[in-house]
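Single-structure report; data block below.
Computed from the coordinates by the stated procedures, all read-outs in this text should not be read as laboratory data. Just so you know, these numbers come straight off a predicted model, no measurement behind them. A quick note on method: Cβ atoms are made from the backbone with ideal geometry, for glycine too, and the neighbour counts reach across all protein chains shown.
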Amino acid sequence: MVSEPPPDASQMRAADTDRDQVADLLRTAAAEGRITFDELDQRVSQAYAAKTFADLQAITRDLPGPGITPPAPAARPTAPPAVAAGAPGPPASVAIMCGARRSGPWVVPAAYHAVAIMGAVELDFRQATFAAAEVTIRAFCLMGGITITVPEQVAVDVAGLGLMGGFDHSASMPGTPGAPTIRVVGCACMGGVAVHRRPARGELAS
């Protein structure tokens, strides 16, 4: 039997969040003087009409920065993190001029708050189970930092705001069918919120 060639990831269908990401990148480029406002209008229209990742990449190919990249195909099937039937743990991590960390096996409630004021919060979901199919993390940091590590299989939607700080949206992408969704919202003021996708604990990276 002749094996089929691997699918071209650039021809995968783009989501509305991908189009929004490209539109934000284009607005930043116009504010920096890299493209004119006429070009901005034209390219934003093209972004919202784009159907595939290849269409979006063509719009930002001549601009610096990470641009938009399609999700890499899974190297092997992996069971998604489970939705737990047990009672969830505490609903918040708060670090005020100190550090707070949640990791290992724990049950994540449907709504979780992370607050870092001149301190650092680390949340690691790689061995966690989830009390609901959709979990919302409300992150707020002031002159501090919040680091969130999620397993590669979950869907992630980051929609936070940075004010004289950074709120990393690069981890936003679909997950394995049936996996929970983690939504990260909130604000970073003179601080940063970073979301990283990593292999689940005990799983070798490809």
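Tabulated results
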quantity: Taking the convex hull of Cα positions in region 92-198, its mean projected area over all directions (nm²); calculated: 5.4 nm²
quantity: Sequence-distant residues sharing a close amide H with ARG198 (under 5 Å, placed H); calculated: VAL150, GLU152
quantity: log₁₀ of I(q)/I(0) at q = 0.18, 0.26, 0.28 Å⁻¹ - region 9-60, Debye sum with one point per alpha carbon; calculated: -0.50, -0.92, -1.02
quantity: Placed amide H near ARG101: partners under 5 Å, 5+ positions off or other chain; calculated: GLU122
quantity: Calculated FRET value between ALA54 and ARG101, using beta carbons and R₀ = 30 Å, to 0.05; calculated: 0.15
quantity: Dipole in debye (nearest 20) - region 100-206, about Cα centre, beta carbon charges: Lys, Arg +1; Asp, Glu -1; calculated: 160 debye
quantity: Cut-off 14 Å (backbone N to label point 7 Å along Cα→Cβ of MET190), residues of region 99-139; calculated: 117-119
